[in-house]
Amino acid sequence: MAAFRNLLYLAIIPLTFACSPDKETEPKVEPYTPTPYQLTIPSHFPQNITVPPDNALTEEGVELGRHLFYEKKLSGNNTMSCGSCHQQDKAFTDGKALAVGIDGIAHRRGAMSLTNMQWFTQFNWDGGTYSLEEQARGPIENHDELHQDLEEAVHELQATTLYPPLFEKAFGSGTITEENILKALAQFQRTLISADSRYDKHLQGEEALTPEEVEGMQLFMTHPEPGIGLRGGNCGDCHGGTLLSMRTFHNNGLDDTFTDNGLGEVTGNARHNGLFKAPSLRNIALTAPYMHDGRFQTLEEVLDHYNDHLKYNSPNLDPLIIEASNEVDGKTLLLTEEEKRKIIAFLHALTDDNFVKDERFSDPHN
Amino acid sequence: MKNTLIWLLFLVLALPLLLTACSDEDDTPATGNLQVNIQNMVGTAPLQLDEGTYTSPAGDTYSVSNFKYYISNVKLISSNGQATFAEPESYHLIAQGGKTAFELKDIPVGTYDKIELAIGVDEAHNHSTDQPGDLDPSNEMVWDWDTGYKFLSLVGAYTGDTESGALVFHVGGDANYKILTLNLPKAINLREQATFELSLQADVNELFQGPHTIDFDEMNSGGHGAGPSMVAENYSNGFLKVVEVK
């Protein structure tokens, strides 16, 4: 094999000289020809996705990104990786109310599930970053996350035998850069597509849901209209569509006063105080505890919140919530216990077992 | 054999046509474009999200935080029945703070004096996850595939005589798909001019009157579910009007 390759070089060298006789270029050891990564877009998902033009997905880039996602050298003391807080079996969350970084300091928010991010344009609970490339710098450098200087990470990775060739294959240069680390992480994360739950099968025309789950789905998607006897939980107003998120920001009535202003911190607009991303509820049964600060342990507690404990005096409380009631002139949502149970049954049908077991998303260092 | 004969005949007949087409009209393009601009208004004032306060036809004070609707299946028609142009994949999500214009392209030359369009999504596309134009199975306009899309969504707040609170009008359901025909004050003659501009205005207050005056004290939400909606009857009547063709 090696002999064959040498023969090839012997054949190529005169050729390169022939083409550019005045340049004394060394023959490239491995020509940079990455393979485009074929992302399969589920037919019931929005088709118009945009990948940044300077970071097209390649097999090599995604594979490098996967290595980096699980690489502890990206942390200040080499004890944690992205995968420590974003664990595949929990749909890339960590089971904690608040994430905890390498120094044992708690983040003010909980780790978010990482799915179908290709379809989103704003990241984090407050929507404060606008691309996955930009987002990835935060967790590496934040003192309450991996607390690593990105420049230092570049040196550590450069000193390994593993990474320079992986970078060479992915980006055409074995000299590692901060930019290429972020790009590779983003590429890997764009492949984390979850579209194979029983709800998806239902959307594709299979009879995959039980009658109770179908009723739960209808309640979930319906905004109540008591005047015409239409009952609903109005969840779909914010968590609807095939992504189970409208990709919008709302105040869902958790607090009367805010310790975390959410979107308001990003925009500086007081009207946005207390607004957070309405996250996708895909795999929600695997991602407890719930909300940006993990205050609810179970889905039952979440339903009780929306039904019974909304803070109606909360500034900027969403009109979609203020207005929703199942009784004429009702002040709260007023779902029955049975209806809440059905909605929860539907939420369980959003679990995608193949996604959390998919080898392509697992830790390659093991 | 028969086919070849027909072809020959066709060629002989078509040749003079083709020749004249080339010789005396060679600087006229065969198609033209129409830019459609829509301005959302409340009465005579341009709609401003959040900041603006308005008075409804029933006399309530209100503001709007989100306003979107689908305009679909746009057609240009000539009243003498000579030509109709139907835009392909014609689904436009008009959003205050978002898209408020679209362009009809490659319209065959002709003189058009009416525009036909629908508010909503036709039944064939309303219950599927197919995505021509601006149809998107995960935008804010989606309900579920039984009800289909929200055709129009208005969210805001109001202060009425006896109550105050939130306004949530979501209108969808096949019964509420409304086709409107608007006369153009000046015909679009694409032989004379290759591109035209049409300005439309959509008046939010018209959603709350004609034929049904909507008093927010009694009705501050509506349209949910697939049944006929008063707001839809209102939007098929006076909601969209033509301001100018140029």
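Details
- Pairwise FRET efficiency - A:E337 versus A:Q297, Cβ, R0 = 25 Å, nearest 0.05: 0.85
- Selection from A:Q187, A:I176, A:F120, by position along the positive dipole direction of segment A:59-193 (Cβ): A:F120
- B:D174-A:K201 FRET efficiency (beta carbon distance; Förster radius 30 Å; 0.05 resolution): 0.70
- Number of partner chain Cβ atoms within 10 Å, mean per residue of A:317-324: 6
- For A:K311, A:K277, the sequence from fewest to most other C-beta atoms within 10 Å is A:K311, A:K277.
- Number of partner chain Cβ atoms within 10 Å, mean per residue of B:126-132: 3
- Total charge dipole magnitude, chain A, about the Cα centre, Cβ charges on Lys, Arg, Asp, Glu only, Debye to nearest 20: 440
- Debye log10 I(q)/I(0) for segment A:198-348, one point scatterer per Cα, at q = 0.09, 0.12, 0.15 Å⁻¹: -0.28, -0.50, -0.79
- For segment A:89-194, the equivalent ellipsoid built from the Cα gyration tensor has semi-axes of 25, 18, 12 Å, listed from largest to smallest.
- In degrees, nearest ten, helix B:2-24 long axis to first principal axis of chain B (Cα): 80
- In order along segment B:221-235, phi translates into HN-Hα couplings of 8, x, x, 4, x, 9, x, x, 10, 5, 4, 5, 5, 5, 6 Hz, rounded to whole numbers, per the Karplus curve 6.51 cos²θ - 1.76 cosθ + 1.60 with θ = phi - 60° and x for Gly and Pro.
- Summarising the amide proton neighbourhood of B:G160: residues at separation of 5 or more, or on other chains, whose placed amide H is nearer than 5 Å comprise B:G165.
- Only one residue of A:N326, A:I343, A:L303 has its Cα farthest out toward the positive end of the dipole of segment A:300-353, where Lys and Arg carry +1 and Asp and Glu -1 on Cβ, and that residue is A:N326.
- Long-range HN-HN contacts of B:G43 with modeled amide H, under 5 Å: B:V204, B:N205, B:E206
- With neighbour counts taken as other beta-carbon atoms within 10 Å, the residues A:S113, A:S131 rank, fewest first, as A:S131, A:S113.
- Tally of Lys pairs whose C-alpha atoms are under 24 Å apart, taken over segment B:32-245, 8 or more apart or cross-chain: 27
- Look at A:D144, B:D60 and count the other Cβ atoms within 10 Å of each Cβ; fewest to most, that gives A:D144, B:D60.
- Each label was represented as a point 7 Å from its Cα along the Cα-to-Cβ direction; for B:N237 and B:L182 these points are 1.9 nm apart.
- Amide hydrogen neighbours beyond the local backbone of B:N189, cut-off 5 Å, H modeled: B:Y112
Values quoted throughout were computed directly from the atomic coordinates according to the rules given, and no laboratory measurement underlies them. None of these values were measured; they are calculated from a predicted model. Virtual Cβ from ideal backbone geometry, glycine too; neighbours counted across all protein chains shown.
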